[in-house]
C-alpha cells in the first residue's frame, strides 16, 4: 500500500541522530532482527537516515529511499523489539517528514497490505492511503 502525507504533524526530534556510513553495520544488524523491508549495505546512500540510541546501541531507525521529483519515500522504519511501544519510530518518522517538507517535497511511505498494524499507525500519524502497489523482485543472472 502506498500512503502519502495528508497532514502529518511533522516535527524535529532533538534525540534523533543522523546515521552515517560508519553506522551501517549496526543498521544491518537492526534490519536483520526487524525485517522492515529491503535494506543493503549501500542503501544509506539513497538519503538521510535517522536513529535513536539507547546506552550507545542503535535501537530504532528510519530513512529515505525513492526520490521521484517532488516526493521522498520514508522507508526502513524499524525498532528493536525490546524498545517497541515507546514511540521511537513515530518520532523518527515525524522528524524525517519534517526534513522532507523543509525541502519542499511530499513524504510518502509503503507498507505491505497485510501489515495492518503499520498501516493503521501511519494513517493515525496523518498519512492517507493513496493506492495499492505491486512490487516485484527481479534478479539479474550471473
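So, R0 is 25 Å and r is the distance between the beta-carbons of residue 55 and residue 35; what FRET efficiency does that work out to, to 0.05? Present the calculation step by step, with values, prior to reporting the outcome.
Details: r = 24 Å, r/R0 = 0.94.
After rounding to 0.05, the efficiency reads 0.60.
Counting only DSSP beta bridges with both residues in the chain, what percent are antiparallel, rounded to the nearest 5?
85 percent
Sort 52, 67 so that the residue with the fewest other Cβ atoms within 10 Å of its own Cβ comes first and the one with the most comes last. Present the calculation step by step, with values, prior to reporting the outcome.
On the way: 52 24, 67 13.
Ordered from fewest to most neighbouring Cβ atoms within 10 Å, 52, 67 come out as 67, 52.
Neighbour counts of other C-beta atoms within 10 Å: give me 124, 75 arranged from fewest to most. Walk me through the numbers on the way to the answer.
Working: 124 9, 75 23.
Fewest-to-most Cβ neighbours within 10 Å comes out as 124, 75.
Per DSSP helix of 4 or more residues, -39500 (n - 2.57); summed, then divided by the residues of the chain. What does that give at 222 nm, rounded to the nearest 500?
Values: 3 runs with 35 residues, N = 142.
Computed ellipticity for the chain at 222 nm equals -7500 deg cm²/dmol.
Looking only at Cα atoms, what is the convex hull volume of the stretch 1-58 per residue, in Å³? Can you show the working numbers first?
Values: hull volume 6.9 nm³, N = 58.
Dividing the Cα hull volume of the stretch 1-58 by its residue count gives 120 Å³.
Arranged by the count of other C-beta atoms within 10 angstrom, fewest first, what order do 40, 128, 91 take?
Numbers: 40 10, 128 14, 91 20.
Going from sparsest to densest Cβ surroundings: 40, 128, 91.
Provide the gained length on full extension for the span residue 130 to residue 71, in nm with one decimal, where the gain is 0.36 nm per separating residue minus the Cα-Cα distance. Present the calculation step by step, with values, prior to reporting the outcome.
Details: separation 59, 0.36 × 59 = 21.24 nm, distance 1.36 nm.
Roughly 19.9 nm would be gained on extension.
For the chain, set up a Gaussian network in which alpha carbons nearer than 10 Å are linked by springs, and say which option among 24, 59, 106 fluctuates the most.
24
Give me the compactness ratio for the chain, meaning the Cα radius of gyration over 2.2 N^0.38 Å.
Values: Rg = 14.5 Å, N = 142, 2.2 N^0.38 = 14.5 Å.
Cα-based Rg divided by the globular estimate yields 1.00.
Taken together, the values in this text are just the output of simple stated rules run on the coordinates, not laboratory data. Not measured: the values here are computed from a predicted model. No Cβ is skipped: glycine too gets one built from the backbone with ideal geometry, and neighbour counts run over all protein chains shown.
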